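J.: Quick one: this structure, given as structure tokens, is what I'll be asking you about.
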4 protein chains.
Amino acid sequence: MPEVLFGVDLTKPMEDQDIPGHNRWHPDIPAIAAVDPGSSFRLECIDWTDGQIHNNDDATDIKDVDLTRVHVLSGPVAINGAEPGDLLVVDILDIGAFPNSEWGFNGIFSKENVGGFLTDYYPDAAKSIWDLQGIYATSRHLPGVKFAGITHPGLIGCAPSAELLDKWNKREAELVATEPNRVPPLAKLPEPENAVLGSLSGAMKDRVAQEAARTIPPREHGGNTDIKNLSRGTRIYFPVYVKGANLSMGDLHFSQGDGEISFCGAIEMAGWIDLHVDVIKGGMAKYSILNPIFKPGPVEPSYSEYLIFEGISVDDAGKQHYLDVTLAYKKACLNAIEYLKNFGFTGEQAYMLLSTAPIEGRISGVVDIPNACATLAIPTAIFDKPILPV
Amino acid sequence: MPEVLFGVDLTKPMEDQDIPGHNRWHPDIPAIAAVDPGSSFRLECIDWTDGQIHNNDDATDIKDVDLTRVHVLSGPVAINGAEPGDLLVVDILDIGAFPNSEWGFNGIFSKENVGGFLTDYYPDAAKSIWDLQGIYATSRHLPGVKFAGITHPGLIGCAPSAELLDKWNKREAELVATEPNRVPPLAKLPEPENAVLGSLSGAMKDRVAQEAARTIPPREHGGNTDIKNLSRGTRIYFPVYVKGANLSMGDLHFSQGDGEISFCGAIEMAGWIDLHVDVIKGGMAKYSILNPIFKPGPVEPSYSEYLIFEGISVDDAGKQHYLDVTLAYKKACLNAIEYLKNFGFTGEQAYMLLSTAPIEGRISGVVDIPNACATLAIPTAIFDKPILPV
Amino acid sequence: MPEVLFGVDLTKPMEDQDIPGHNRWHPDIPAIAAVDPGSSFRLECIDWTDGQIHNNDDATDIKDVDLTRVHVLSGPVAINGAEPGDLLVVDILDIGAFPNSEWGFNGIFSKENVGGFLTDYYPDAAKSIWDLQGIYATSRHLPGVKFAGITHPGLIGCAPSAELLDKWNKREAELVATEPNRVPPLAKLPEPENAVLGSLSGAMKDRVAQEAARTIPPREHGGNTDIKNLSRGTRIYFPVYVKGANLSMGDLHFSQGDGEISFCGAIEMAGWIDLHVDVIKGGMAKYSILNPIFKPGPVEPSYSEYLIFEGISVDDAGKQHYLDVTLAYKKACLNAIEYLKNFGFTGEQAYMLLSTAPIEGRISGVVDIPNACATLAIPTAIFDKPILPV
Amino acid sequence: MPEVLFGVDLTKPMEDQDIPGHNRWHPDIPAIAAVDPGSSFRLECIDWTDGQIHNNDDATDIKDVDLTRVHVLSGPVAINGAEPGDLLVVDILDIGAFPNSEWGFNGIFSKENVGGFLTDYYPDAAKSIWDLQGIYATSRHLPGVKFAGITHPGLIGCAPSAELLDKWNKREAELVATEPNRVPPLAKLPEPENAVLGSLSGAMKDRVAQEAARTIPPREHGGNTDIKNLSRGTRIYFPVYVKGANLSMGDLHFSQGDGEISFCGAIEMAGWIDLHVDVIKGGMAKYSILNPIFKPGPVEPSYSEYLIFEGISVDDAGKQHYLDVTLAYKKACLNAIEYLKNFGFTGEQAYMLLSTAPIEGRISGVVDIPNACATLAIPTAIFDKPILPV
């Protein structure tokens, strides 16, 4: 087992850990350790909500979740010699739940508290608890389903430079300004309350808390991409923006469907991740890299039979939208949920199933004006009974 | 070989075929044949442009393509006993190019003539010709690349009812009305010029030509979904809207990447398709079906190593868009193209490569406000040299 | 479609074709054509029995099959410039049944007439006829099963040199001499009766007929390897023993399980095969090649769920054999057949199913003295009902 | 994490563990625990040699290994209610190395000490040490290779009944009697020396030690099958011969090629395995089960490009053997080794590579008298450079 660079005590929130991590992005958050290129190490992670959700049958914790505390991240880890313009090569060697904490949760956030992809259809909070048994997950709240996890960090990336951070804050503020009272909001802007910023303290901490970007959206550095394929064996090439790269991660998912549609949206868990790091000097320019690129590992769950649903960019009111993949995928999700209701699932259960199982969401056609066509593929083997039409 | 229900002569346009097909959607286009559930049959297809594109090195034909003639479809085939509310079960038994026409084309349409997904970046017409050698495609216009096709009909579906047709025309006209002079247009509305409507003639033909919907967008019935996974061995369940179902298809693709991004966007070809049909009575209500669903076949090309590019919904001007998967996928495509330029491809070549090769386009994250994250995966084995960063 | 170098008329036996092929191996059989490296071409093939088996429900033709007439091969094709010591690089571009002959047969040979792998258990002749519908095969003699074919030439290879031929004949004669009256025989030695030897005639033909090796076993050159994975898209590297290489092939299989256990053992068919050839000069020494090597294509049927049976090298009398994989695989086959009998199949049906479906036969353990362990894997999706224990 | 039913201390041999396991098969070895159907639990395992092999560069330990001490097994675990004639359903939930022991070994045994599959070619002891980094293995003794493990128990099965044990001992003794002085021996007969028999003691232990079968060969109950596909997520159905079933296992392999050809033949490791058990009453008769059957899990490493070698049943002296798959596979292995020598590997290295990497060994043709054809498939992605012929 590689050395644990960052350990956690699951009984405490992130800010009370011996060495706290962080829940905002800022170049001035100090690295918790420095390693050489070629090193392997382990980071332990609290679940993304900082332990707010409990293994019980009551969704009140989901409903009342305090999102000023998310996502709690482990790191940053500095890589000696990495400089802006380099590529940081990260191999995900392995990832898992803690032996004494083999469970995870999925939640539908309430519309009042950021909601989710289908919040207009399912505005109320709901929760499913998942038991992790080796490679498999099952849920007492979603009987009839069992699947192999495609375990991954929902969030991983390097610290932004000051310039990149400014750009993020500016463009997100401009978006929010277009509809400042929207529920749910268009974006989450810097929020000093409950900011955890590693070892920073005093005035420095106050300044950084004011400036630091929220961790919710994916951005140029990767971050909260929620790409399910960043699983075991994956090699990721990250852009480096600051000296040392300052790599952080968290938001471990035992499994997730493409889109992570219920927002609290995968099987969220605490756990550990083993990484190997290396550096390609000057790699950003050499390969014209703006966002991370990656090569997935060879052990993703391999299901061969899928039932696939289509969606097009016409909304419920019958209004035609122009090549809107987001809407098309929403319709594909809704079509799948309505279908699954015929097999004994409630709408909320089906919604959480699409969020958690290894569902493929594809941009199938995106030029046939005016309709985009998105598809959502469900592996049929995850059900304990046949689900094809007969 | 199953019986040929619809044959074509590639030296003639669709309207001059002995039994012409059609290039518009309308419930009153008569079926060219009727078959019983349980039947297998073959349909031959002209390429979607009706033979306007030629196997040469000059892209003028792409630039000047007359889109009033598209998509030429083979059919409709009536299925005895099928009624509105049923599901038509269609098995794609096999599909291929004609022995004497084993080539296909990919084109970038000019911005003046509908353009494509990246028309703001690549506004000029371009063309690549692909040689089909058994399961493989190669192009003299795109050296260094060879891949196995995922052959499929870009367009397949049942005739709309009069009510459904009205809905289509109304919503698309409303969209166009929001920006009527846009180049390229937001949608293509009914167009009597060059309408081919099977055996209709006289006043009937004139009326239908005025009413019939264009074939360009996918819609509730499926139609031009351009889903690459409707390949050999796939079973599709289509909603039935008219007595007899009236199934038509065309726009055969030897191969296509998710999104079909260059619009003329796959390896477009003439060819044949063998189908088996059956009916599930009352299946639409039984399974809550609004759009087609399908189960892909077991012989898709299986590549195991992918290089994957990310994109987020921030535009080139740095403006933040809200959970816009279309934009995120556009950025992933552009990121991939810039990367491939480092390996000897021109931008246009890379654009056509993403359109034609078995690229996966995924909706990876769609709830992390305000950024959607889309990913584009390229199988590395299609290149004749390594393309991973080193 | 590539040029047809070798055409067949299915109404005639091989010796009556306009340009006859051959059914023995000998270096002096003249090439029917010569092509340059880099060429693509098509060969048409009669089924391996030379048309002796018919599409009916009577197994008399299997029982009485005249094996002096097998395997009828198409070729030889000379490749200009190929010389002994080179590697002939053959790409299988595509392969298929003739449009007017989309059926195949599987047979259990009677013990009196060579028998099969399980001839001691199933000594009587039996036959199943398979309907080929696009990528799928079904049989009226084996209801409840449908699978995608892994279509391949059972037999393909280059002509032996005179020295290699001598070696073959000598070693096989020595084997037969150990038990000359065995039923079935240990090997089939040169047999002038019904030898078809291309354009040879007169004394030359008589001599070659006396010397030429039978086509039944695989040998150093490949030949009748019956490797199901030589399917679409495969690249094979063949040793070259004579000037021009003289490549021949036949014994097309729509599908086959590993082992081809019933001897007449795949879904045997007539059809066509498209090839591309090239030469690696001096490749045998450069890569230490004694037998062909190959890289399978990317479109093999991909089934993900298998039920697997084990066998060990203890015979029915309870006698222990030493690391005998042949026996272990025989027991795995018998175990599978006994299992399948519980699901409504007769023993003969199950035997023919294992011969024809895309079954995997693996040498799992071969050092754990004294038992070898072989495994036989059946894809569960080929059945129309569940076959796992419950 | 499920409850640890059987723990080990890696600093001590099996007989000195607090609760010792066993290294022989006998119905009278007492269960170390009893669980109900539906239970999950963990067993810890010492490597199969009982810790005799060390993480260093000296193969003396391999050469001098004391095989009277193998295989040390964890268990037996009794399953309440299981009776002879039932099927024990075992799910392999997960399996792994210990965090403080992430390494494994592969060895070529010397011909004097049982040897291996190619002992006539590689008679001397050799060793490679493998570093386990998450899903991947690499070896300082085999540079240029890295692959994802297909981790599994080499040995797992239920205790034999007294009758079955008698049958084993009798048939193996008869085999040894045919060539009693053979080096290596044809089989390993009961051996009281170093027998570890759980909690047995005194006269009872002495009797059992005289009677108990060695663990080396796979037998009707499964046992040391060395089937690499019994990996994560696999469900196995074991025949039950004694009340309680008495399930034991050991010989954990991080990875192995089909055949486990070097005998000490996988990447051998200590570690843990998590299981779930259930019972199908009367399942042996219901499904005609003589040997275990299983359904592999969905997370085997998925490599798509293979280079495949053929072998036929002609020995080095040129003698023809009759449908001898063992010999054919031996030749395929030797062909692969000779090929790999051209890429910088020694013969011993290539031999150990074939033993450890996820190599597929297939029984391709087994009826084409007199030659069997076996194939050996190597995934090309495990090498750090191209290995196809050019």
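J.: Kindly check whether there is at least one residue in the range C:89-110 that is among the aromatic types (Phe, Trp, Tyr), at pLDDT 95 or above and open to solvent by 10 Å² or more (accessible area, probe 1.4 Å).
T.: Taking every residue of the range C:89-110 in turn, at least one turns out to be among the aromatic types (Phe, Trp, Tyr), at pLDDT 95 or above and open to solvent by 10 Å² or more (accessible area, probe 1.4 Å).
J.: If I filter the range B:381-390 down to residues being under 22 Å from A:Val90 (Cβ atoms) and in contact with a Lys or Arg (Cβ under 8 Å, 6 or more places away or on another chain), which single residue comes out as surrounded by the fewest Cβ atoms within 10 Å (Cβ to Cβ)?
T.: Selected residue: B:Leu388.
J.: Give C:Lys188, C:Lys127, C:Lys167 a once-over and let me know the one that is open to solvent by 10 Å² or more (accessible area, probe 1.4 Å) and part of a helix (DSSP H, G or I).
T.: None of the others qualify; the one that does is C:Lys167.
J.: Something else about it: Given the residues D:Asp315, D:Asp384, D:Asp368, which is the only one that is acidic (Asp, Glu) and at the interface with chain C (Cβ under 7 Å from one of its Cβ atoms)?
T.: Exactly one residue qualifies, and that residue is D:Asp368.
J.: Another question, then. Given (1) over 21 Å from the mean Cα position of the chain (by Cα); (2) under 28 Å from A:Val176 (Cα atoms), where does A:Asp86 come up short, assuming only one miss?
T.: (2) is the only condition that A:Asp86 fails.
J.: So which residues in the range C:209-233 are polar (S, T, N, Q) and either within 11 Å of the chain's Cα centre (by Cα) or more than 16 Å from C:His22 (Cβ to Cβ) (or both)?
T.: C:Thr215, C:Asn224, C:Thr225, C:Asn229, C:Ser231
J.: Pick from the range B:316-337 the residues that are open to solvent by 40 Å² or more (accessible area, probe 1.4 Å) and out of contact with any Gly (no Cβ under 8 Å at 6 or more places or on another chain): which of them is nearest to A:Lys188 (Cα to Cα)?
T.: B:Tyr322
J.: May I ask you to say which residue of C:Val183, C:Val242 is over 21 Å from the mean Cα position of the chain (by Cα) and at pLDDT 95 or above?
T.: Being over 21 Å from the mean Cα position of the chain (by Cα) and at pLDDT 95 or above holds for just one of C:Val183, C:Val242, which is C:Val242.
J.: Can you find, within the range C:106-138, the residue that is farthest from the other protein chains (Cβ to nearest Cβ) among those that are among the hydrophobic types (A, V, I, L, M, F, W, C) and out of contact with any helix residue (DSSP H, G or I) (no Cβ under 8 Å at 6 or more places or on another chain)?
T.: Per the criteria, the residue is C:Ile129.
J.: Right, something else. Scan the range C:24-38 and give yes if some residue there is crowded, with 20+ Cβ neighbours inside 10 Å and under 17 Å from the mean Cα position of the chain (by Cα), otherwise no.
T.: yes
J.: Somewhere in the range B:346-353, is a residue of a type in the set (Phe, Trp, Tyr) and under 24 Å from the mean Cα position of the chain (by Cα)?
T.: The answer is yes; a qualifying residue exists.
J.: Anything in the range A:297-329 that is of a type in the set (D, E, K, R) and under 30 Å from A:Ile92 (Cβ atoms)? List them, or say none.
T.: Matches in the range A:297-329: A:Glu300, A:Glu305.
J.: Looking at D:Thr119, D:Thr138, D:Thr151, which is the one that is in contact with a strand residue (DSSP E or B) (Cβ under 7 Å, 6 or more places away or on another chain), in contact (Cβ under 8 Å) with a residue 12 or more places away in the chain and hydroxyl-bearing (Ser, Thr, Tyr)?
T.: Exactly one residue qualifies, and that residue is D:Thr151.
J.: Could you tell me how many of the residues in the range D:303-315 are open to solvent by less than 20 Å² (accessible area, probe 1.4 Å) and modelled with pLDDT under 95?
T.: The number of residues fulfilling the criteria is 0.
J.: Here's another thing I want to ask about it. For the range A:131-151, how many residues are within 23 Å of D:Thr151 (Cα to Cα), crowded, with 22+ Cβ neighbours inside 10 Å and not polar (S, T, N, Q)?
T.: Residues meeting the conditions: 9.
J.: Quick one: how many residues across the range D:39-53 are open to solvent by 20 Å² or more (accessible area, probe 1.4 Å) and touching a strand residue (DSSP E or B) at 6+ places or on another chain (Cβ under 8 Å)?
T.: Residues meeting the conditions: 4.
J.: Determine if the range C:186-206 includes at least one residue that is of a type outside the set (Gly, Ala, Ser), away from chain B (no Cβ under 14 Å), without any contact (Cβ under 8 Å) to a residue 12 or more places away in the chain and more than 30 Å from C:Asn55 (Cβ to Cβ).
T.: Checked the range C:186-206: at least one residue is of a type outside the set (Gly, Ala, Ser), away from chain B (no Cβ under 14 Å), without any contact (Cβ under 8 Å) to a residue 12 or more places away in the chain and more than 30 Å from C:Asn55 (Cβ to Cβ).
J.: Okay, next question. Any residue in the range B:296-312 that is within 11 Å of chain D (Cβ to nearest Cβ) sitting within a Cβ distance under 6 Å of a residue that is open to solvent by 10 Å² or more (accessible area, probe 1.4 Å) and of a type in the set (A, V, I, L, M, F, W, C)? List the pairs, counting only those 6 or more apart or interchain.
T.: That search, which allows pairs on different chains as well, returns B:Pro301/C:Val299; B:Tyr303/B:Ala381.
J.: Another question, then. Return the residue satisfying two criteria in turn: it lies in the range B:371-380 and is open to solvent by less than 10 Å² (accessible area, probe 1.4 Å) and more than 16 Å from B:Glu260 (Cβ to Cβ), and of such residues it is farthest from the other protein chains (Cβ to nearest Cβ).
T.: This residue is B:Pro379.
J.: Of the residues A:Leu10, A:Leu67, which is farther than 24 Å from A:Val242 by Cβ and open to solvent by 40 Å² or more (accessible area, probe 1.4 Å)?
T.: A:Leu10
J.: While we're here: Does the range D:339-358 contain at least one residue that is touching a residue at least 60 places away in the same chain (Cβ under 8 Å), within 14 Å of chain B (Cβ to nearest Cβ) and closer than 27 Å to A:Ser304 by Cβ?
T.: Yes; the residues of the range D:339-358 include at least one that is touching a residue at least 60 places away in the same chain (Cβ under 8 Å), within 14 Å of chain B (Cβ to nearest Cβ) and closer than 27 Å to A:Ser304 by Cβ.
The values are calculated or read from the model by the stated rules, or taken from the named source; none is laboratory data. What you see is a predicted model; the values in this text were computed from it and never measured. All Cβ positions, glycine included, derive from the backbone under ideal geometry; neighbour counts span all protein chains shown. These accessible areas exclude ligands, DNA and RNA; they are computed on the full protein's heavy atoms, side chains included. Shrake-Rupley method; radii C 1.70, N 1.55, O 1.52, S 1.80 Å.
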